[in-house]
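Asks: Please read through the structure below; I'll follow up with questions.
The values are calculated or read from the model by the stated rules, or taken from the named source; none is laboratory data. These numbers were taken from a predicted model, which means no experiment stands behind them. Note: ideal-geometry Cβ built from the backbone for every residue, glycine included; neighbour counts use all protein chains shown. We work out accessible area using only protein heavy atoms, side chains counted, and drop any ligands, DNA or RNA first. Shrake-Rupley method; radii C 1.70, N 1.55, O 1.52, S 1.80 Å.
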Amino acid sequence: MCGIIGYIGDRRAQDVLIKGLSRLEYRGYDSAGIVTLKDNKLCLVKKQGKLRALIEELKNNPLEGTLGIGHTRWATHGVPSDTNAHPHLDCSGKIAVVHNGIIENYLELKKALSKKGHKFVSETDTEIIAHLIEKFYKGDIEEAVLKAVKLLKGSYAIAVIHKNEPDKLVGARCDSPLIIGLGKSENFLASDVPAVLDYTDTVIYLENHEVIGLTKDSIRIRDLSGRVIRKKPTKIKWDIAQAEKGGYDHFMLKEIFEQAHILKNILEERLNNSGIVFEELKIKTSDLRRVKRIAIVACGTAYHAGLTGKYMLEEYAGLPSWVDTSSEFRYRNPIVDKDTLVVIVSQSGETADSLAALREARKRGSKVLGICNVLGSSIAREADGVIYTHAGPEIAVASTKAYTAQLAILYLFTLYLAGIRKTVSPGKLGLLIREFKKMPALMGELLDEYKSEYNILAAYAQEFKRYYLQKHNKSCFLYLARNINYPNALEGALKLKEISYLSAEGYPAGEMKHGPIALIDENPWVVCIVTRSKTYDKMLSNIQEVKARGGIVIAITTEGDKTILHYNINYLIEIPKTEELFSPLLVVIPLQLLAYYVAREFGCDIDQPRNLAKSVTVE
Ligand code: M6R
């Protein structure tokens, strides 16, 4: 939620800031702004709307200077507008601030500052930071920031510059991500690594309550008491091409098509002659053997991966498991203790509710395992152990490749637990691993079917649009499945609603009779996941119930299934044959693509759907 960037060096800051913001736009895109320092003057341009509106504005009014900060916004306090866009200035117009996070005590601070004569122009919480720094400023911007942030409650990652200090870029963080990018005679601050990857692959991950002073040739990191902290830089293995569209129309499509390759890499990395390896997992095997139950906690798509994990863990690791959405877990009285392993699944590793759930679980004595994609993210750092999904940067707001990578890690972790807890015989374990190794090729085969622009999913999406218009926009989608593919029904519905804004719900098919069947008339399109499984016959009965009430059925079936042909299915989608356990990895591919093509038919902004942001760092 919101992306920030800062630059100090010899390049034209505007260019670096705009490029960085374009890589951070996934974090928020309702307004954007930059400020640079030139000839002892702050030059500020900010614009409501997507980054392109700011770029247009800068064409007529380019900013010079080699020091600057920038921001792309996802509104929390105050509507998207030019005025509420960042950077924000203090009364004197000498201090500029960009901020990601929420200042919870901003009203209290605003009142106190107003009494002292400070004048505010925006509705944002951020503006008070600029004024607070102004209050403490005595000729040293770093010192003023250090004093100011001590009074802030809530979350922040900030970048700050002062008109009279052309050699200083200052930052600070608490519960919102911030990194330093280290260059030669230049340094960067940013919310996320892709923002600086064009210039450097060496970064420092910052911790809470750290204040950073950068010149173009030096960095200083201090804690709130002013003590200097030494930190090791990290080399980033991602290359910038991963953060670009690479010829695809949208990041989402590119990320969907990357999935087979990522799965292959995960298996190559994690499987060797000695078995399953999690090098970075710091939790001891003896502790994992002792675990009596597992709680998986996550949000959105990561929650759906977690739900699938429950099926795996119960079946193969023999562990009672449950899954919670982070926002519920953190405000309940979750019964977790030293015998519970809490697994937090998060692509970004920064989701505020998941981070709070992690802290709650640790407070209660549980060991916490993070399954994260973003290296060095807060969840990865605060968990007792982490397993990285290594899916590369996921830019589209709708999560796709992170989901299948999370599933892959959950499979491997389940099989690893099954091995060390001896809940599955070595023979069976070997068999499952051999089956799993076939999955990248099967997924690749399936994806190849959809390579052409004119594939059946694109055609089904066109048909749906025609139908929808004929029905005066009354149509919607239902997704039905059972057992280990039930979470995919939820995921398919989530994908569709978040990028096409159509109404879509996922249900366990067995629940239909308990209410949702009342929705069925000739309007809804019902996606039924009816691959070969132990609940196959039950799904066929559900299909009949839907058809009997006029519903339009899209069935996802196993290749070569002849039985389904007798069910008068409207649209058929086949996936390759595989073990039921691993079928979610294949089933989700047409679900992701169907959502993509429907959204494209409706002309939606696929990579940046309305009201959403990639990384939800606020509650
Ligand atoms: O970064 P996280 O995995 O913690 O994010 C969780 C959700 O915000 C995320 O999965 C969200 O639901 C996606 N937009 C789904 O596509």
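Asks: Please find the FRET efficiency linking Lys232 to Glu559, where r is the Cβ-Cβ separation and R0 is fixed at 60 Å, and quote it to the nearest 0.05.
Replies: Details: r = 50 Å, r/R0 = 0.83.
Result of the calculation: an efficiency of 0.75.
Asks: For His77 and Val277 in one chain, what is 0.36 nm times their gap in residues minus the Cα-Cα distance, to one decimal in nm? Before the final figure, lay out each step's value.
Replies: Values: separation 200, 0.36 × 200 = 72.00 nm, distance 4.51 nm.
Once the chain is fully extended between His77 and Val277, it gains 67.5 nm.
Asks: Still on this structure: If you count, for each residue, the other Cβ atoms within 10 Å and average over each peptide, how do 144-155, 24-35 line up from highest to lowest? Walk me through the numbers before you get to the answer.
Replies: On the way: 144-155: 20.0, 24-35: 26.9.
The peptides rank, most packed first, as 24-35, 144-155.
Asks: Per residue, how large is the accessible surface of the stretch 3-239? Use a 1.4 angstrom probe and give square angstrom. Mind dumping the intermediate values first?
Replies: Details: 9240 Å² over 237 residues.
Result: 39 Å² per residue.
Asks: At 1.4 Å probe size, with the rest of the protein present, what percent of the exposed accessible area of the stretch 14-59 is carbon and sulfur atoms?
Replies: On the way: 790 of 1800 Å².
Carbon and sulfur together cover 44 percent of it.
Asks: Okay, next question. In whole percent, and with a 1.4 Å probe on the protein chains, what portion of the accessible area of the stretch 67-107 is carbon and sulfur?
Replies: Details: 650 of 1160 Å².
Carbon and sulfur atoms account for 56 percent of the accessible area of the stretch 67-107.
Asks: Just from its helices, what would the mean residue ellipticity at 222 nm be for the chain, if runs of 4 or more DSSP H residues each count -39500 (n - 2.57) and the sum is divided by every residue, rounded to the nearest 500 deg cm²/dmol? All intermediate terms of the calculation are to be shown ahead of the outcome.
Replies: On the way: 19 runs with 215 residues, N = 619.
Value at 222 nm, helices only, nearest 500: -10500 deg cm²/dmol.
Asks: When ligands, DNA and RNA are left out and all protein chains stay put, how many square angstrom of accessible area per residue does the stretch 451-601 have with a 1.4 Å probe? The partial results should precede the final answer.
Replies: Numbers: 5900 Å² over 151 residues.
On a per-residue basis, the stretch 451-601 sits at 39 Å².
Asks: Next question, about the same structure. Which lysines have a Cα lying under 23 Å from the Cα of Lys232, excluding residues fewer than 8 positions away in the same chain?
Replies: Lys168, Lys184, Lys216, Lys282
Asks: Where only protein heavy atoms count, and the probe is 1.4 Å, what is the accessible area per residue for the stretch 282-378 in Å²?
Replies: On the way: 3520 Å² over 97 residues.
With all protein chains present, the stretch 282-378 gives 36 Å² per residue.
Asks: Scaled to the compact-protein estimate 2.2 N^0.38 Å, what is the alpha-carbon radius of gyration of the stretch 216-358, rounded to two decimal places?
Replies: Details: Rg = 19.4 Å, N = 143, 2.2 N^0.38 = 14.5 Å.
Computed over Cα atoms of the stretch 216-358, the ratio equals 1.34.
Asks: Continuing with the same structure: What is the percent carbon and sulfur in the accessible area of the stretch 451-601, measuring with a 1.4 Å probe over the protein chains and ignoring ligands? Intermediate results must be reported in sequence, preceding the final value.
Replies: Values: 2850 of 5900 Å².
Looking at the stretch 451-601 in its full context, I get 48 percent from C and S.
Asks: Compute from the Cα atoms of the stretch 450-588 the Rg and the Dmax, the latter being the longest Cα-Cα distance, and quote both in angstrom.
Replies: Computed over the Cα atoms of the stretch 450-588, radius of gyration and Dmax are 14.1, 42 Å.
Asks: Further, regarding this structure: Using only the Cα atoms of the stretch 3-239, construct the convex hull and provide its projected area averaged over every direction, in square nanometres to one decimal. Kindly include the intermediate steps, with their values, before the conclusion.
Replies: On the way: hull surface 45.3 nm².
Average of the hull's projected areas for the stretch 3-239 equals 11.3 nm².
Asks: A follow-up question, please. In whole Hz, what ³J(HN,Hα) sequence does the stretch 502-510 give by Karplus (6.51, -1.76, 1.60; θ = phi - 60°), x for Gly and Pro?
Replies: Along the stretch 502-510, the couplings run 8, 6, 8, 10, x, 9, x, 4, x Hz.
Asks: Quote the FRET efficiency, to the nearest 0.05, computed for Lys292 versus Asp10 with a Förster distance R0 of 45 Å and r equal to the Cβ-Cβ distance.
Replies: Numbers: r = 59 Å, r/R0 = 1.30.
Using R0 = 45 Å, I get an efficiency of 0.15.
Asks: While we're on this one: Sorted from largest down, what three extents in whole angstroms do the Cα atoms of the chain have along their principal axes?
Replies: 79, 61, 42
Asks: Same structure again: With charges set only on the Cβ (+1 for Lys and Arg, -1 for Asp and Glu), what does the dipole of the chain come to about its Cα centre, in debye to the nearest 20? Don't jump to the answer; show the numbers that get you there.
Replies: Values: 83 positive and 75 negative charges, 284 e Å.
Charge dipole, the chain, about its Cα centre: 1360 debye, nearest 20.
Asks: Continuing with the same structure: Any chance you could list the semi-axes, whole Å, largest first, of the equivalent ellipsoid that the Cα gyration tensor gives for the stretch 115-246, using √(5λ)?
Replies: Details: eigenvalues 153, 56, 39 Å².
Those come to 28, 17, 14 Å.
Asks: Using alpha carbon centroids, what distance separates the stretch 146-200 and the stretch 497-541, in Å?
Replies: 47
Asks: Measuring from centroid to centroid over Cα atoms, what is the spacing of the stretch 332-397 and the stretch 257-274 in Å?
Replies: Spelled out, the Cα-based centre of one part sits 22 Å from the other.
Asks: Please report, largest first and rounded to whole Å, the three semi-axes of the ellipsoid equivalent to the stretch 143-183, where each semi-axis is the square root of five times an eigenvalue of the C-alpha gyration tensor. It would help to have the intermediate numbers written out before the result.
Replies: On the way: eigenvalues 72, 47, 8 Å².
Over the Cα atoms of the stretch 143-183, the ellipsoid semi-axes are 19, 15, 6 Å.
Asks: A follow-up question, please. Pull up all non-local amide H partners of His77: gap of 5 or more, or a different chain, and H-to-H distance under 5 Å with H placed in the peptide plane.
Replies: Under 5 Å from the amide H of His77: Asp125.
Asks: Principal axis lengths of the stretch 374-419 from Cα atoms, whole Å, largest first?
Replies: The Cα atoms of the stretch 374-419 stretch 36, 23, 13 Å along their principal axes.
Asks: Would you mind checking Lys292/Lys534; Lys50/Lys235; Lys292/Lys577; Lys310/Lys497; Lys47/Lys231 for any pair whose Cα atoms are more than 29 angstrom apart? If you can, show how the numbers build up before the last one.
Replies: Details: Lys292/Lys534 27 Å; Lys50/Lys235 31 Å; Lys292/Lys577 34 Å; Lys310/Lys497 25 Å; Lys47/Lys231 36 Å.
Pairs exceeding 29 Å: Lys50/Lys235; Lys292/Lys577; Lys47/Lys231.
Asks: Treating the Cα atoms of the stretch 251-437 as identical point scatterers in vacuum, please give the log10 of the normalised Debye intensity I(q)/I(0) at q = 0.09, 0.11 Å⁻¹, two decimals.
Replies: Log10 of I(q)/I(0), two decimals: -0.28, -0.43.
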